[in-house]
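Only one structure is covered here, and it is reproduced in the block below.
The values are calculated or read from the model by the stated rules, or taken from the named source; none is laboratory data. Just so it is clear, the structure is predicted and the values come from calculations on it, not from any experiment. Positions of Cβ are backbone-derived with ideal geometry, glycine not excepted, and every protein chain shown enters the neighbour counts.
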Amino acid sequence: ILNVEQSPQSLHVQEGDSTNFTCSFPSSNFYALHWYRWETAKSPEALFVMTLNGDEKKKGRISATLNTKEGYSYLYIKGSQPEDSATYLCASDRWGGKLIFGQGTELSVKP
Amino acid sequence: GAVVSQHPSWVICKSGTSVKIECRSLDFQATTMFWYRQFPKQSLMLMATSNEGSKATYEQGVEKDKFLINHASLTLSTLTVTSAHPEDSSFYICSARKGQVDEAFFGQGTRLTVV
């Protein structure tokens, strides 16, 4: 995999549903994997910066896992709420500076 | 967290004119800032790395004479779109990091429309 790819592109869920997204990234020269949440009319905001294979991080109802050997990360949202509606971006940090972003997963949570 | 401020948030300019976008780190010093461009329904595409006190490093395919970057201080980087044309219309956003292992902090972005 040469690029950072995210799936699905968009997701519509009901309030209370749990959901997950996938981020695939180049496993060679890996340095870190970032997850960001980007709400409309706001700046992207960091959720997690992950560096270790097998790492799992959690922030409230949101968690993420990392597999650096196969080049993928999952983001999980438990019990989705309308305020979780946003675009979720992952980014590969291969040189400790530049971030290469995926196209994002647009999440819409209906009340 | 940290604050990165970007101005203007939107700008409309005539074809052939130049537009300057500012990116400031308000509460930390950033020796390096990054400029991204986003096309509709696409990801943030890295344009260039702005280095304080030295020349910017441009990504492949980005015209350095079209997109002039100046990083004159540890808290300010500017992107000037020179001789703008309608195809330069896009969303431009900057980011900065406190350290190499840290998260990126983003500006609010600038919506440029060239008419």
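Please determine whether any residue of region B:76-98 is touching a Pro at 6+ places or on another chain (Cβ under 7 Å), within 14 Å of chain A (Cβ to nearest Cβ) and of a type outside the set (Ser, Thr, Tyr). Break it down into steps so the answer makes sense when it comes.
Kept after step one, since they are touching a Pro at 6+ places or on another chain (Cβ under 7 Å), are these residues of region B:76-98: none.
No, every residue in region B:76-98 fails to be touching a Pro at 6+ places or on another chain (Cβ under 7 Å), within 14 Å of chain A (Cβ to nearest Cβ) and of a type outside the set (Ser, Thr, Tyr).
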Filter region A:25-39 down to the residues that are over 11 Å from residue A:91 (Cα atoms) and at pLDDT 90 or above and list them by number. A:37, A:38, A:39
Requiring at least 1 residues that are free of Cβ contacts under 8 Å to residues at least 12 places away in the same chain, more than 14 Å from chain B (Cβ to nearest Cβ) and of a type in the set (Val, Ile, Thr), the strands (runs of 3 or more DSSP E) wholly within region A:5-97 are A:62-67
Please work out which residue is surrounded by the fewest Cβ atoms within 10 Å (Cβ to Cβ), limiting yourself to region B:32-47 and to residues that are facing chain A (nearest Cβ under 7 Å) and not in a strand (DSSP E or B). B:42
Yes/no for residue B:80 being crowded, with 18+ Cβ neighbours inside 10 Å, polar (S, T, N, Q) and assigned to a strand (DSSP E or B): no
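Residues to consider are B:73, B:50, B:54, B:9; find the one that is polar (S, T, N, Q) and touching a residue at least 60 places away in the same chain (Cβ under 8 Å).
Only one candidate passes the filter, namely B:9.
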Pull up region B:66-77, narrow it to residues that are not polar (S, T, N, Q) and not in a strand (DSSP E or B), then point me to the one that is modelled with the highest pLDDT. B:66
From the list B:52, B:22, B:63, which one is over 11 Å from the mean Cα position of the chain (by Cα), acidic (Asp, Glu) and either at pLDDT 90 or above or under 13 Å from residue B:93 (Cβ atoms) (or both)? B:63
Filtered residue count, region B:8-19, keeping only those that are under 16 Å from residue B:77 (Cα atoms), loosely packed, with under 15 Cβ neighbours inside 10 Å and more than 10 Å from chain A (Cβ to nearest Cβ): 1
Within region A:20-37, take every residue that is touching a Ser or Thr at 6+ places or on another chain (Cβ under 7 Å) and surrounded by fewer than 19 Cβ atoms within 10 Å (Cβ to Cβ) and give me the one that is nearest to residue A:70 (Cα to Cα). A:27
Could you please tell me which pairs satisfy a Cβ distance under 9 Å, a separation of 6+ or placement on different chains, a first residue in region B:93-108 that is within 17 Å of residue B:39 (Cα to Cα) and at pLDDT below 90, and a second residue that is part of a loop (DSSP other than H, G, I, E, B) and of a type in the set (Asp, Glu)? none
Lone unmet requirement of (1) farther than 22 Å from residue B:46 by Cα; (2) basic (Lys, Arg); (3) at pLDDT below 95 for residue A:61: (3)
